[in-house]
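All remarks here apply to the structure that follows.
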Amino acid sequence: MPRKCVNCDSFVFDALVFDKYRGSGTNAAELRRKLDIVYRAMAKELTPIELKALTDYYVRGVKMKDIAKERGVHPSTVTRQIRRAKDKIKHITNYY
């Protein structure tokens with residue numbers, strides 16, 4: 001399945017999470033409020049490494065292999081970081 005790049009300020013959402021929120025609000029103000037809550041939760045819950053990996057992958061569109069090469073780690077490490085970050089985001093969004 002191809003990935004969608006979603007740029008929301010300086011934070012990133014998996015396309016599934018973003019679609020869930022886009023369809024759940026009754027108006028733009030409600031949607032913005034929900035997204036702001038999730039942005040703050042992401043800033044507090046994700047490690048800087050996880051946030052950077054998500055930003056590089058989804059916003060900048062850098063391949064995982066290139067992110068790993070840039071950091072000097074194995075590509076599977078970057079894959080795990082992104083997966084963990086996405087799992088945390090999905091967990092956070094279940095509360096709202």
Within segment 85-95, can you find the residues that are under 16 Å from the mean Cα position of the chain (by Cα) and outside any helix (DSSP H, G or I)? N94
State the number of residues belonging to segment 65-82 that are more than 18 Å from the chain's Cα centre (by Cα) and aliphatic (A, V, I, L, M). 1
Number of the condition not met by T47 [criteria: (1) modelled with pLDDT of 60 or more; (2) surrounded by 13 or more Cβ atoms within 10 Å (Cβ to Cβ); (3) of a type in the set (S, T, Y)]: (2)
In segment 64-84, what residues are in a loop (DSSP other than H, G, I, E, B) and at pLDDT below 95? none
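The values are calculated or read from the model by the stated rules, or taken from the named source; none is laboratory data. Nothing here was measured: the structure is a model prediction, and the numbers come from that model. So basically every Cβ, Gly included, is an ideal-geometry build from the backbone, and we count neighbours across all protein chains shown.
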